[in-house]
C-alpha cells in the first residue's frame, strides 16, 4: 500500500512541475481525440438523421450492422487501417503510418458506428414529428434537419461525448497506427502502457490521473445538460 501511495505522490509531483513528456502526451491525446470526434460527427449525424426520418429497403440490416460494429475490437480496426497505410498497402505512398493522421483515421472508423447508433436511438422517436412540423411551418429541408438535431440536443450531445470518451481512452488504434513515438504520436493511454511495462509507476500513475481527470470533465460537462433535459 505504501508503494502505491508513494507512486501517487510522485505522480502529483510530475503533474505539478509540468513534465514535458506528460504535457506532450496530453496535447497529442486532445488533438487526435477532438479531431476524430469532429470528423466522426460530420459523418455519423447525417446517417443517423436519415435512418430516423426515412424508411427504405435494407434499413433494418443497416441498423444491425451499426450495432454489430460497436463490438469490433480496437486492435482489429487498427490492423485493418495498418494494412491500408503500410508501405505495400493501397495508401502506402502517402506515408501516413505512425502519424497523428493515421490515429485519427482509425479512431474515426472506431466511433462513427457508436455515434450513429446513439444518435439514431435519440432521434428515432420524435424526429419525424419535429421534421414534419418544421416543414409545415415553411422551413427548408436543411433548416428542418437542424431543427430536429436542436430538439434532440441532449441525445446528440450524449452521443458525441460518448464518442469522445471512447477515443480518448482507447489504446489499440493509437498504439498500432501511431507507433507510440515520443513527442509525436504518444498519447496518454499508450504512454501508460509503456511506462507500466518499464516499471516507471509514478509516471504511469501521473498519466492515469490526467486521463481520469479528462474523463471526469467530460461527465461534468454532460451532467448539467442532462439535469436540464430531465426537468423539461
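The values are calculated or read from the model by the stated rules, or taken from the named source; none is laboratory data. As the structure is a computational prediction, the values presented were derived from the model and not from experiment. Heads up, the Cβs are rebuilt from the backbone with ideal geometry, glycines too, and the neighbour counts pull from every protein chain shown.
Remark: residue 186 falls outside the filter, which requires a residue to be in contact (Cβ under 8 Å) with a residue 24 or more places away in the chain, over 15 Å from residue 30 (Cα atoms) and part of a loop (DSSP other than H, G, I, E, B). When 160, 154 are checked against the criterion of being in contact with a helix residue (DSSP H, G or I) (Cβ under 7 Å, 6 or more places away or on another chain), surrounded by fewer than 20 Cβ atoms within 10 Å (Cβ to Cβ) and within 18 Å of residue 41 (Cα to Cα), a single residue qualifies: 154.
So that you can scan it fast, the table gives a plain yes or no per residue for (1) at pLDDT below 85; (2) surrounded by 12 or more Cβ atoms within 10 Å (Cβ to Cβ); (3) part of a loop (DSSP other than H, G, I, E, B):
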residue: 175; (1), (2), (3): no, yes, no
residue: 190; (1), (2), (3): no, yes, no
residue: 195; (1), (2), (3): no, yes, no
residue: 206; (1), (2), (3): no, yes, no
residue: 216; (1), (2), (3): no, no, no
residue: 221; (1), (2), (3): yes, yes, no
residue: 224; (1), (2), (3): yes, no, no
residue: 228; (1), (2), (3): yes, no, no
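Residues considered: 109, 80, 70, 136. Of these, the only one that is modelled with pLDDT of 90 or more and in contact with a helix residue (DSSP H, G or I) (Cβ under 7 Å, 6 or more places away or on another chain) is 109.
Determine, yes or no, whether residue 149 is in contact with a helix residue (DSSP H, G or I) (Cβ under 8 Å, 6 or more places away or on another chain), touching a residue at least 60 places away in the same chain (Cβ under 8 Å) and either outside any helix (DSSP H, G or I) or more than 17 Å from residue 43 (Cβ to Cβ) (or both). Taking the combined requirement at face value, the residue does not satisfy it. If you go through segment 123-140 and pick out every residue that is touching a residue at least 40 places away in the same chain (Cβ under 8 Å) and in a helix (DSSP H, G or I), you end up with 4.
So is residue 142 in contact with a helix residue (DSSP H, G or I) (Cβ under 8 Å, 6 or more places away or on another chain) and either under 15 Å from residue 45 (Cα atoms) or surrounded by 14 or more Cβ atoms within 10 Å (Cβ to Cβ) (or both) or not? When the stated conditions are applied, residue 142 does not pass them.
Within segment 92-111, identify whether any single residue is over 19 Å from residue 185 (Cα atoms) and without any contact (Cβ under 8 Å) to a residue 12 or more places away in the chain, and answer yes or no. Looking for residues that are over 19 Å from residue 185 (Cα atoms) and without any contact (Cβ under 8 Å) to a residue 12 or more places away in the chain, one finds at least one in segment 92-111, hence yes.
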